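First comes the structure, then the notes that go with it.
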Amino acid sequence: MDHDTDALHAAIDEILAGHREAFRHIVREYGLGVRGFIASQLYHLDDVDDLAQDVFMAAFENIGSFRRGDDFGAWLRGIARNKVKMYFRSRMRRENAMERFRSEVSELVEPDLEHASLAVEDEQLARLLNCISKLPDKMRRIIQGGLEGQKAQALAEAMQSSVAVVYVTNHRAHKLLRECMSRKAA
């Protein structure tokens, strides 16, 4: 975009003379280009307008350092480049701080979570053992044999029964245990 150099220099002269409203001309002329430059470098487009505003505030405060004859757009992009770098550094510091915070919280809370988990496991185990104790003798023997790692064939022989009966009885026992555990949980 070809900007009017005479209008730019007139606006700069007015700003330097204390007429702040003359800066609007610069924002109108260069705003879209600055926003586009910033947007091309950011992942979070929500931050583009904030950074563009920071760029124009810095340009306003430092307008006296602009050398006439230089490319004003390039000067603004230089300010924008610095603002984008600062943005990324700040974001990295925040993300690193958040990660350290998560790590510290995890270290502080982990023993409590482990203790709570063990308490829940102990409570569930106690409920399960209570439910097993209420099963009929044959079912209780099959569940106990399964917990000890005995094979269905060995259980069937020990109980003088068939493997099919062991499987059916085991299935019924598990159904009764699930019902018992869900009643205890409620």
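A short reminder: the numbers here are calculations on the coordinates, not readings from a lab. The structure displayed is predicted, hence computed values, not measured ones. As a convention, Cβ positions derive from the backbone with ideal geometry for all residues, glycine included, and neighbour counts pool all protein chains shown.
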Note the angle between two axes, namely the Cα long axis of helix 137-147 and the longest principal axis of the Cα atoms of the chain, as a number of degrees from 0 to 90, rounded to the nearest 10. 50 degrees
Sticking to Cα atoms, compute the Rg of the chain to one decimal and its Dmax as the biggest Cα-Cα distance, whole number, in Å. 37.4, 108
Taking Lys and Arg as +1 and Asp and Glu as -1, residues besides Gln150 with C-beta under 12 Å from its C-beta add up to 0
Each residue of region 50-67 in turn: what ³J(HN,Hα) in whole Hz from Karplus with 6.51, -1.76, 1.60 and θ = phi - 60°, glycine and Pro shown as x? 5, 5, 4, 4, 4, 4, 5, 5, 5, 5, 4, 5, 10, 4, x, 8, 5, 8
Give the lysines whose C-alpha is closer than 21 Å to that of Lys175, dropping any in the same chain fewer than 8 places away, or say none. Lys134, Lys138, Lys151, Lys184
Unit charges at the beta carbon, dipole of the chain: most positive-side option, Ile63, Leu155, Leu108: Leu155
For region 5-95, what is the convex hull (Cα atoms) projected area averaged across all directions, in square nanometres? 6.0 nm²
Taking the Cα centroid of region 1-78 and of region 149-186, what is the distance between the two, rounded to the nearest whole Å? 79 Å
With the contact rule set at Cα under 8 Å and sequence spacing of 6 or more, what percent relative contact order holds for the chain? 13 percent
